[in-house]
1. If Gln62 satisfies all but one of (1) within 18 Å of the chain's Cα centre (by Cα); (2) surrounded by 15 or more Cβ atoms within 10 Å (Cβ to Cβ); (3) not charged (D, E, K, R), what's the number of the condition it fails?
2. For residues that are among the charged types (D, E, K, R) and either closer than 20 Å to Pro31 by Cα or not in a helix (DSSP H, G or I) (or both), tally how many sit in region 271-293.
3. Which strands (runs of 3 or more DSSP E) sit wholly inside region 52-150 and have at least 2 residues that are at pLDDT 90 or above, over 28 Å from Lys23 (Cα atoms) and not small (Gly, Ala, Ser)?
4. Mind checking which residues of region 240-270 are in contact with a strand residue (DSSP E or B) (Cβ under 6 Å, 6 or more places away or on another chain) and in a helix (DSSP H, G or I)?
5. With respect to Glu2, is the statement that it is assigned to a loop (DSSP other than H, G, I, E, B), acidic (Asp, Glu) and in contact (Cβ under 8 Å) with a residue 24 or more places away in the chain true?
6. Taking Glu66 and the conditions (1) free of Cβ contacts under 8 Å to residues at least 12 places away in the same chain; (2) in contact with a Cys (Cβ under 6 Å, 6 or more places away or on another chain), which numbered condition does it fall short on, given that it satisfies the others?
7. Got a sec? Which of Val235, Val191, Val210 is within 22 Å of Ala118 (Cα to Cα) and at pLDDT below 90?
8. Quick one: which of Asn106, Asn75, Asn124 is among the polar types (S, T, N, Q), touching a residue at least 60 places away in the same chain (Cβ under 8 Å) and surrounded by fewer than 21 Cβ atoms within 10 Å (Cβ to Cβ)?
Amino acid sequence: MEKITKALVPAAGFGTRFLPASKAIPKVMFPVIDKPIVQIVVEELVASGIKDITFVLSPFTQDIREHFESFSALNHVLLESGKKKEMEELEKIEKMAKFSYVEQRNGRRGTGIAILSAREAIGNEPFVLCWADEFFKAEPPRPKQLIDVYNKFGGIVFGCIRTTDPRDGSRFGFVTGKKVSNMVTKVEDFVEKPGVGKAPSDLASVSGMVLLPKIFDYLEKADKIVPKDKELYHVDGLRLMIEESYPVFALEYQNCRYFDTGDRFGYLRALVELGLESEEFGDSFRKYLEKLV
């Protein structure tokens, strides 16, 4: 089985839920304490053995490239100012992985188009897909959990959480199937955002999955089937693969906390929870909150 060393991070969205703040700054560059959201996603990938990361960008999200590329002028200023530690932290970011960037292709929008835009960069290899505005605190890291399932069972692997909240039927896609191990389900069907109270199971698909290079062919097929006035989603290609009996598995993430920072409340929750865990000011922040409420 081919070893997974590559990851794809689509980050071409407008971030309309965060306007006007996201007008000039991509929402995935918003800080969680002192790191942009997308850097936390990258750190998860690197901690899982990923060495090659491709971003899908748009003209509105080029700040991401600038964050991960060398900024020699700033490094020089920091060194001149005696801030060697800060300079070394920035250099670590630049060297975390091999970074490459592709532009989301013109025309139809959607996550499926974002993936197709990276076909040449990914090549004929399996890869991890992560959204740039969702991250997890998990042990082991969630990409590692996905890769471990891929190494055992092969095929495509969805990352999932359990939820019985009826409202989540409008937030997530849901999988159904039969368990092949305690935390892994062989997927028989996938329903994208079935609606409030209409989820066919309690296993919801969230950020993170292992995809096979065949996904590119099936997304091209889906692009010809889905009406041209609709967005092309990654699940349009995945559903075709499921119909043709490609092996698809769903992993229930273990020992994890999920932070959906693409949502304003989710972003606020991440700031509060991770702020409370700060070694530098967590205790002071907790006392402040206790006094406030």
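1. Checking Gln62 against (1) within 18 Å of the chain's Cα centre (by Cα); (2) surrounded by 15 or more Cβ atoms within 10 Å (Cβ to Cβ); (3) not charged (D, E, K, R), the one that fails is (2).
2. 5
3. 127-129
4. Ile242, Gly266, Ala270, listed by residue number.
5. Yes; evaluated as a whole, the condition is true for this residue.
6. Result: Glu66 fails condition (2) only.
7. Just a single option satisfies the conditions, and that option is Val235.
8. Asn124
The values are calculated or read from the model by the stated rules, or taken from the named source; none is laboratory data. Source: prediction; values computed, not measured. Every residue, glycine as well, gets a Cβ built from its backbone with ideal geometry; the counts of neighbours run over all protein chains shown.
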